Structures are given as C-alpha cells and as structure tokens.
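Visitor: Here it is: the structure, laid out below.
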C-alpha cells in the first residue's frame, strides 16, 4: 500500500493558522429585524381576486432584488388592483443581513390585509406596498418620531447627538447612495458616544431627499434628552442612540492586522491554492453524494422521467387541441397559469393549464405539481392526464370537468339555486374526503395550501374534486415546520401560516372552515369593497354565533323554508358550527380533517364550543387592525428601544 503524503496535514495546519490570524479582524453583522411600527392604509383592497396574486408577485420580485443590491421596487397589475412595492435595507447592513430583515418585513406587512396598502419600519429595513405610485413621496401625515424613554441624558450627550444628527443628514444628502452614519464621542467622557444613521429611499431625487432629511432631523431631535430617537418618515429614516447599533464597516481593523494578513497571504499563497483545491475536491464529492441522495426529486431527472413516460404530451398536440390557446377556449386563470379547454384527436375533452416561467422558481412550481399529482389518485381529486415540458412553455393536462368551479355556483345569484342543501352537503363531504386523503395518505402526505371555492371543481354530476396543486407541499414526520415561502390566497390563509410561516395540515383545516362558511352563507370571505358587508365572513359568522342568530346568514338560495323537516336546518347549523371550529385562531384547537369529516358525517356527535377566530378582540369583537383610525398603529413592545416581535421569523424565499 502506498504511503499517503505527509504534506496535506502540514498545509492544513498552515491554512488554519492563517485563518486564525485573520479572524480577529472579521466583522459580524446584525440584521436588526425588530419591528418599530406598522402603518396600514384606511382603504380596503379593490378586488381580492386580483389583489392577492399581485401582492405576492410584487413581494417575490422585490425579494430577488434584495438579495443582490439591498433595495427593490416592483409594479404588478393594472388599474386599481396594481401593487406598487418598495423595500430598502439601511446602508450598514450586509446583503445577508438585509435578506433576513426583508424576510421579517414581508411576513408582518400582510397583517394589514384587507387594506390595500401599508408600510413597515424595522430597525434594519423599510418596506411599503400601495395601489398607487408613491415612489417620489417624501412627506406625509404619518411622519413621526418614536422616542426611546429609557434614560434621560445630560446636556453634553444632547449636544453631541445634535451635532452628529446634523452631520449625518448633510452627508446623506451629498452621498450618491443617500446614506450616512456617524459616531461622535461625547465631550468630557471616554466611554460615551452618540451613534447616528440617516437614509433616504433610493427612488427620491436629491431635492426630495434633502427635504425629507430636514423634516426627519427636526422630528428626531425632539426626542432629546432621551437616549434614543427614530424618525419614521415617508421618504427617509433616521436614528440616534447612546448604544452602538451600527454594524461594523467591512474591512475595518488596525494597520498591524492589515499588514499581517497581507504578509501571510503573500507567503502562503501557493499553500492556499493547494489547500483550496483539496477543499474544493472535498466539497465537490459531498455535493455529488447529495445529488445522488436526491434521486427522483432532482429536477433534471424528473424532466427526463416525464419526457420518457406515458404522461408526456407533444406540445404541438396540445396547441392544436386548444385552437392555439384560443381565448374562446379559456376556462379560467389562477396564480400559476391559464386553463383552456381542449379536444384531443381521439375526441377526449381535456383541460390544459398553460404555465409561463422564465426562472427556476416557476419551473419548480411546474415540476412540483406534476410530481405530486402523478403520485396521488382519489375520486375527489382532479386527475392528471399528463404534461408537456419540451415546448416553449410548460403545460399540464387534466381531466375536463364541465361545471367548472364551485365559486361559479355559490356566489352567483342564478346558479346558486341549482345547488340545494343536499347537493352542497355532498360537495362538502367530497372535499373533506379529498383532504383527508391528502393529509393521511401514507405514500405522500400533502398540504394543499390553497383550498378555496375556485379550486373545488365540479364534474357533470356536480361531484367535487380538489384542483390546483401548484402550491401543494409534501410533509412527512415534521408536524410544525417553518415554510420557506408564504403562498396561498389572502382571506383563506391560516393566521399562524400568514404571520409566522408555520405550515401544518391545520392550515388546510382553516381554509376548509372558511369554505364551509361560504357554502352555507353564499357569501365570499375574500370579498371586494363593492359588496354590502365590510367585515370578513369569518368575523360576521362569529358575531352571529355569539348572538345566536346564525340562521340569518344562511344562503336564501337554499330555500330552507321549503323543507318541512327541521333536521335540515339543524344540519345546516351544524355545518356552520364546524366551520367556526375549523377557523379557530389557535391551531391545536382546530380538528384534524379526519375529525372534521367524522363530525360532518355523524349527526348525533356532540360538538365542542368554538373559540374566537383570528385577529379578534374577545371583549369588543373588533378586528385587531388599523382600518378605523390611522393613528391606531400596530406596535410591538413598550417602546421603540426594546421593540420585539412575538412570532418566529423565517428565512427568506
């Protein structure tokens, strides 16, 4: 056996020594993802069907920009449903810390729903979304100072803080990046310093930036003599403190350290190259092993498998079947694509979902849907016939369901009459059966993430089938994992998922509960502002439940007065109550889908009393939002100095 060379351990030791010499001068950042204040618009969204996907798309667009430059803007949609978004990290954050801060911001901002906009200030970044272009705004009625009231400072600190703030404001105006930081030691002391940060949003011109910083300066200096102050302005942010909140400037260190690094790097450059090659080979080997472990989940392998399988359709075949995707054959449109009716050469009617994507994220959605749907089969799930992934765009082929989706019936003044209570109950039970199968199928357990009336399709006999697995996520042993991306439809998303990213099967249970209330009442929870009721359906249902007047909400199209048997009314009321049980704020109190199915099927089972739904004050029965008064702000912590969020943050998407 050949003896191994002895140089590798020596090279490794020298490399480690070099790294140790460099480490004392490395800087470690802090994302400062604590929420200072959240402001929500007074106006509600115009059309929830368009608002939700536009908002989510805008956040995704900004997310990609934040990863590369710490700043992002996005415009998605048209007319009053357009979503204008802006996010920016403060200049002392690294890109890595910036992404973490943005992840927190986009987690909290959806709490403003159903407002059509809002803005959030964190200690490390800012984010705003509206339905109009606000990019040039630099002042507004919500501008304010938030003062930390921990300590009253002496006159020496006040003078130093004042000078530091004025200098930072001037420097930020003159810097190309609209950002400045400052540190000024307090006169007559050795260990006391005033720390300052000032920054304008990058969409402002020089004059607007100057005006905003001047306003912010006057505002934040009003916090003196307190030890800390922040100016939260429409076009800029400013902060001073007696505590060093600033991240270290990359590359700072003593000259001795710099010389030492240069010398070591020069002397050992050859060694580093050798060690780097060894380490590179090691990680290449690890990566190869990981790729092998991925097996069939690897995208490239999945593409090849699909192409070679019986699931594969030629693009030209589907293009011809849909009349070149003629608008007359359009069945509907969702967040992941447009669906068209088609007829194959053998006469079979099909539904073709046309997906457009130019990046890996959208491609992953496609392969995710194909992989998941092809592995499940149930009478209450839409059947996947195949796909096409070889043409200019990717296509999914489903069985054609002539009656389209449930929302076209229960929310339609004329079609609603076609669904009496018996048929609606069959649809409810079919949907429950499908969800139980998804959650408890031993082979591939699935959380759908987007259960709603428009994703419940009806066949020729009005039997229900769950559709649109584009957002579906498989889960195994982990019962409470943190989602890497918030996806779904606002109004149907469970509060713990929307606010914390916590995704379990109870998120589907919540959506199912909303669906039950919609079927019973004929009202849409995700309503537009033109409807006659302003509160969400869940809120209205809860109020009527407490008042004992639930029957007032029952859909008049049910024509319950024609039923001589009172058991029908009792059954409708029971389903209403199960809907409230499924939409309880605390996930652990919601039943599992199998339990919900049993409650629906077993008419004599005693039901527990539901607790309040999310975002509800038990005493006032008012939504915990800021729609009534712009001065009622969502605040976290007793003061901005110790602001903290009660929920867990999750990593960016």
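Visitor: Using 0.36 nm per residue of separation minus the Cα-Cα distance, give me the extension gain between residue 133 and residue 418 in nm, one decimal.
Guide: Stretched out fully, the residue 133 to residue 418 stretch lengthens by 98.2 nm.
Visitor: Figure the gain on full extension for residue 69 and residue 607 (residue separation times 0.36 nm, minus the Cα-Cα span) and round it to one decimal in nm.
Guide: 188.3 nm
Visitor: Rounded, prolate or oblate: which fits region 133-189, taking a ≥ b ≥ c as square roots of the Cα gyration tensor eigenvalues, rounded meaning a/c under 1.5, else prolate when a/b beats b/c?
Guide: Cα axes put region 133-189 in the oblate bin.
Visitor: Using r as the Cβ-Cβ distance of residue 183 and residue 403, and R0 as 56 Å, what FRET efficiency do you calculate, to the nearest 0.05?
Guide: Efficiency, rounded to the nearest 0.05: 0.25.
Visitor: Sort 604, 242 by Cβ crowding within 10 Å, fewest neighbours at the top.
Guide: The most exposed by this proxy come first: 604, 242.
Visitor: In whole Å, what is the distance between the alpha-carbon centres of region 145-203 and region 209-225?
Guide: After rounding, the separation between the Cα centres reads 11 Å.
Visitor: I would also like to ask the following. Could you tell me which of rounded, prolate or oblate describes region 38-163, using a ≥ b ≥ c as the square roots of the eigenvalues of the alpha-carbon gyration tensor, with rounded for a/c under 1.5 and, failing that, prolate when a/b is larger than b/c and oblate otherwise?
Guide: prolate
Visitor: What is the gain in length, in nm to one decimal, between residue 551 and residue 566 on full extension, counting 0.36 nm per residue of separation less the C-alpha to C-alpha distance?
Guide: Gain in length upon complete extension: 4.1 nm.
Visitor: Take the alpha carbon gyration tensor of region 138-242, find the square roots of its eigenvalues, order them as a ≥ b ≥ c, and report rounded if a/c is under 1.5; if not, report prolate when a/b exceeds b/c, else oblate.
Guide: oblate
Visitor: With each label point set 7 Å from Cα along the Cα-Cβ vector, what nm distance links residue 586 and residue 207?
Guide: Between residue 586 and residue 207, the label points sit 5.8 nm apart.
Visitor: Hey, another quick one. Measure off 7 Å from each Cα along the Cα-to-Cβ vector at residue 174 and residue 312, then give the distance between these two points in nanometres to one decimal.
Guide: Once both label points are built, they end up 6.5 nm from each other.
Visitor: What ranking, highest mean first, results for peptides 318-331, 186-199 when packing means the other Cβ atoms within 10 Å averaged over each residue?
Guide: Ranked from most to least packed, the peptides come out as 186-199, 318-331.
Visitor: Using 7 Å Cα-to-Cβ label points, what is the residue 543/residue 191 separation (nm, one decimal)?
Guide: 5.8
Any read-out appearing in this document is the output of simple, stated calculations on the displayed coordinates, not a laboratory observation. Every value quoted in this text rests on a predicted model; they were computed, and no experiment measured them. Virtual Cβ from ideal backbone geometry, glycine too; neighbours counted across all protein chains shown.
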